[in-house]
Amino acid sequence: MASPFVENPGDEGARVVRRAFTLPAPRSFQDRTDPLGFPDDYLFERYRFRRHSIVYLCQLLGPYIEKTTRRSKALTKPQTVCIALRFFASGAFLYSVGDAERLSKATACREIRKVCLALKRFPNIFITFPGHRGILPIKEAFFRTAGFPNVIGAIDCTHIRIKAPSGPTEADYVNRRSFHSINVQVHA
């Protein structure tokens, strides 16, 4: 019986059989080199951290960002940490970070979230408050001054103009407005 939609039903049957017995194309994996294999200048430019600091973060966060998959092509701990550091350093969108690291947006998001959740476990290492005053008096003072409840601090940053330093790191002190400065962060 002829089909009005297929010119030659025999050809269609052959295509179905061929499709059933054809092996899928082999999976191809992108080369994701070890980020710690690059020089310190490269790492600092992209992640704002030197090699020894990235290794420290990998050791500290390692148990919390460990892969649960048994697949052989999972991201390594240094790759996961560097993805998050690139996002923190650049303030870029997930698409930009993913493209720069040759990953999808979903993978970049998942890895950044893992690192953020791991960092939340160490607030006493990375966040310090004034040790000479308790938190409750600080909250009360902020409330009396500005009417903000449950505030224990305020933070601000500014660029302080400096003389151009000499040496190979001179370019590190040029800000986006093309003058030499130091970025100062103040906590009140």
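The values are calculated or read from the model by the stated rules, or taken from the named source; none is laboratory data. Keep in mind it's a predicted model, so treat the numbers as computed, not measured. A quick note on method: Cβ atoms are made from the backbone with ideal geometry, for glycine too, and the neighbour counts reach across all protein chains shown. Just so you know, the surface numbers come from the protein's heavy atoms only, side chains and all, with ligands and any DNA or RNA stripped out. Shrake-Rupley method; radii C 1.70, N 1.55, O 1.52, S 1.80 Å.
For the range 160-188, list residues with backbone N below 18 Å from a point placed 7 Å from the Cα of Phe148 toward its Cβ?
From the range 160-188, the list is 185-188.
So how much slack lies between Val16 and Ser181, counting 0.36 nm per residue of separation and subtracting their Cα-Cα distance, in nm?
52.5 nm
When the chain is fully extended, how far beyond the present Cα-Cα distance does Cys157 get from His132, taking 0.36 nm per residue of separation?
Net length gain for the segment: 6.6 nm.
Rounding to the nearest 20 debye, state how big the charge dipole of the chain is about its Cα centre with +1 on each Lys and Arg Cβ and -1 on each Asp and Glu Cβ.
The dipole magnitude comes to about 520 debye.
In the chain, which whole DSSP H runs stretch at least 27 Å along their own axis (Cα) and average 1.0 or higher on the Kyte-Doolittle scale?
Helix filter hits for the chain: none.
Given contacts defined as C-alpha pairs under 8 Å and at least six residues apart, what's the relative contact order of the chain, whole-number percent?
RCO, the chain: 12 percent.
Can you send over the carbon and sulfur percentage of the accessible area for the chain, probe radius 1.4 Å, protein chains only?
Of the solvent-accessible surface of the chain, carbon and sulfur hold 57 percent.
For the chain, what mean projected area does the convex hull of the alpha carbons give, in nm²?
Over every viewing direction, the Cα hull of the chain projects on average to 21.9 nm².
With every atom except the alpha carbons ignored, what do you get for Rg and Dmax of the range 77-188, in angstroms?
Looking at the range 77-188, its Cα Rg and Dmax stand at 19.1, 51 Å.
If each of Ala74 and Thr169 carries a label point 7 Å out from its Cα toward its Cβ, how far apart are those two points in nm?
Rounded to a tenth, the inter-label distance reads 3.8 nm.
Among all the lysines, which ones have a C-alpha under 23 Å from Lys139's C-alpha, if same-chain residues fewer than 8 places away are not counted?
The reachable lysines, counting only those whose Cα sits under 23 Å from Lys139, are Lys120.
Report the calculated FRET efficiency for Gln59 and Phe93 (r = Cβ-Cβ distance, R0 = 22 Å), to the nearest 0.05.
After rounding, the FRET efficiency stands at 0.15.
At most 13 other Cβ atoms within 10 Å plus a DSSP loop assignment makes a site exposed; report the longest stretch of the chain without any exposed GluC sites (Glu not before Pro).
On the way: sites that count: Glu7, Glu66.
My reading of the result: 67-188 is the longest stretch.
Per residue, how large is the accessible surface of the chain? Use a 1.4 angstrom probe and give square angstrom.
With all protein chains present, the chain gives 77 Å² per residue.
Find which of Pro63, Gln79, Ala89 sits farthest along the positive direction of the dipole of the range 63-121, computed with +1 on the beta-carbon of Lys and Arg, -1 on that of Asp and Glu, about the Cα centre.
Value: Pro63.
Please report how far the C-alpha centroid of the range 39-109 lies from that of the range 166-188, rounded to the nearest whole angstrom.
Going from one Cα centre to the other spans 25 Å.
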